[in-house]
Amino acid sequence: MTQFIKTVVRRRKKIALSVSSLTFLVLSLPLAALLPARAHAQSSYLPQGSKFDHFLDRMEIKLQTNPDLNISTAKPISRRLAVRVAETADSLDKQYPYDYFYHLTSVDRANLFSLEMNNIEWVTKKKDSFASKHPIWNTFYRNKANFYEVEDKDFFLVVDPAIQQTQSYESGNKQRVFYNSKGITLRGLIANKLGFSAWLTDNQERGPGYFQQRVAAFNAVPGAGYYKSFGKTGFDYFDNRASIYFNTWKYVDWQFGYDKNFIGNGYRSLFLSDYAAPYLFLKFNTRIWKLNYQTIYMELVSQHYIHNDYQYPKKYAVVHHLNVNATPWLNLGLYENVVFSRADHYDFSYLNPVIFLVSAQQQNGSPDKTTAGIDWKANIGHAVQFYGQLVINEFILHQILHYGQGYWANKQGLQLGLKYVDAFSVNNLDLQFETNIVRPFTYTHNDTVSNFSHYNQPLAHPLGANFDEFIAIAHYQPAYKWNLEGKIIYYRQGLDSAGENFGSNIFESYDTRPRDYGFQIGSGVPANCFMVSGLVSYQWKENLFIDLSAQYRNYSVHDPSGFYRSNNSTMFSAGIRINMFRREYDY
């Protein structure tokens, strides 16, 4: 009888949570009803880690005043928009062939051609140059970029393999380090009104030692959701993502899917990054005049133990981001989010897409976690971009004025960055410098639910809070097929000491802090990490890469009691991938 009662309760919880999970779908049904009359062609998005991300960064800086790219702080970028930018760059290069500012290098032109070939459904010019000379059985790879392609009057479809195999050697690690991923990716259009995409992969992974430690500490594989053991120390998981897309009233794009989002212009984001696992969301993006306004309704998974089979607890988040081209070269943005959980319902007060979330949260009795912020980027001289973010969890003016006292509720974060393309007049040598500073207890809440996390992983910066970080990246593309990259990452973080919460772990309640004052960045047990890496990547065939990389990482902890621990890791990797982004261990 006891077991029967437990089963009934468990099933009732599953039904209740399933009903709340369908909230997003129910909300989208009235919008779907508009499709036959008012929908326009809607594009899918470039995938995470697309090889065109860096090229579009270059075009934004070199074109400087292009309104489409300047306004695209929210990512991923739509394929339709990417092609439009490429066509604009091509047109300006031909219109001003001797103007240094609009001149495209031979590598830029090759990347532009590749971008159009990989997004052929949005290309308006003749497409004969994209055709393969030797298609397989006159069916596969008729287009050099697409394994299988269907282009009919009311139906477009592309299906591609998604494969990555990487083998690594890590010093001091007796276990083999590897990453094995295989699956498919597809996208399409129906009646030129409804778009769809999917990314379906099966993955087996055993990362470097510090990756294994992170999985054990947070009970989560970075970037992934549910996982199982593979062998003794490996992990087995699916990375499945899918979305539908449509457009209403010409200016509003909708996406209902299970995927990731990124808001920012830097290597990291203090607002919303793609570090955590995919999640269910409904997103609409309004682009009109000089404005771009995005709202995301997200269903997230709260902290949980992953190896038990039960209905994981849910929570929800709403994100608003407005950015405007204040001048042709300056873009400014406003950001806010709220994270909340209700035992028996979705809080509909947060559905208003234009209300300030802080106000709505106060009307509910201030039970939830809200964050606000501003961001900016300035493109200068067709060669340099300055960018940044300021995130604010709490703002108490008299405590800000006495900042040196280290009040615990001074919970803010700052990002400052610079990009320099064609550095020192060297074509296709691009540099990026970035610093991220986040105070203790940022992203935390007074419970273990409403923190800014999903599936036991931070939704913003992978380090959580209570750190400062410096990043330097050099990217050089001497020829279309070759990519060289060097990267340096250094960070300093304050860890918890003897069970005391010093604000670096965002999953801990801030009510467990040992005091109210005396919290500075690095408070607690100081930890330092220095990482340097190099990559040589060769594109043998279109979207087929051979990668060779080396990485050195030194991580040290200095306990005030005199305890010192240092962990050095040197790793060499070789891999091959097709239609996939590289797996990174950059933390």
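The values are calculated or read from the model by the stated rules, or taken from the named source; none is laboratory data. Here the structure is a predicted model, which is why all the values come from computation and not from measurement. Glycine gets a Cβ as well: all are built from the backbone with ideal geometry, and neighbour counts include every protein chain shown. Areas reflect the complete protein model, heavy atoms only, side chains present, ligands, DNA and RNA absent. Shrake-Rupley method; radii C 1.70, N 1.55, O 1.52, S 1.80 Å.
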*From the options V391, V426, residue that is at pLDDT 95 or above and either touching a strand residue (DSSP E or B) at 6+ places or on another chain (Cβ under 7 Å) or more than 30 Å from T105 (Cβ to Cβ) (or both)*: V391
*Search the range 193-229 for residues being under 26 Å from M531 (Cβ atoms) and aromatic (F, W, Y), and hand back the single one that is most open to solvent (accessible area, probe 1.4 Å).*
F218
*Search the range 180-189 for residues being touching a residue at least 60 places away in the same chain (Cβ under 8 Å) and under 22 Å from the mean Cα position of the chain (by Cα), and hand back the single one that is surrounded by the most Cβ atoms within 10 Å (Cβ to Cβ).*
R187
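Just the residues that are part of a strand (DSSP E or B) and either under 14 Å from M298 (Cα atoms) or open to solvent by less than 20 Å² (accessible area, probe 1.4 Å) (or both), please, taken from the range 323-341.
First pass over the range 323-341, keeping only residues part of a strand (DSSP E or B): 323-327, 330-340.
Scanning the range 323-341 gives N323, N325, N331, G333, Y335, E336, N337, V338, V339, F340.
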*Applying the selection to the range 82-115, what residues are surrounded by fewer than 21 Cβ atoms within 10 Å (Cβ to Cβ) and within 27 Å of S269 (Cα to Cα)?*
R84
*Just name the residue that is surrounded by the fewest Cβ atoms within 10 Å (Cβ to Cβ) out of those in the range 145-179 that are without any contact (Cβ under 8 Å) to a residue 60 or more places away in the chain and among the β-branched types (V, I, T).*
V150
*Take the range 23-53 and flag every residue that is at pLDDT 85 or above and out of contact with any helix residue (DSSP H, G or I) (no Cβ under 9 Å at 6 or more places or on another chain).*
P47, Q48, G49, D53
*asked:* Quick check on the range 252-263. Is at least one of its residues surrounded by 22 or more Cβ atoms within 10 Å (Cβ to Cβ), touching a strand residue (DSSP E or B) at 6+ places or on another chain (Cβ under 6 Å) and farther than 20 Å from F196 by Cβ?
replied: yes
*With respect to the numbered conditions (1) of a type in the set (A, V, I, L, M, F, W, C); (2) part of a strand (DSSP E or B); (3) open to solvent by less than 60 Å² (accessible area, probe 1.4 Å), which one is the sole condition not fulfilled by L548?*
(3)
*Report, by residue number, each residue of the range 60-86 that is in a helix (DSSP H, G or I) and aliphatic (A, V, I, L, M).*
I61, L63, L69, L81, A82, V83, V85, A86
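Look through I355, I374 and report the one residue that is closer than 25 Å to L300 by Cα, β-branched (V, I, T) and assigned to a strand (DSSP E or B).
Values: I355 fails: assigned to a strand (DSSP E or B).
From the options I355, I374, the qualifying one is I374.
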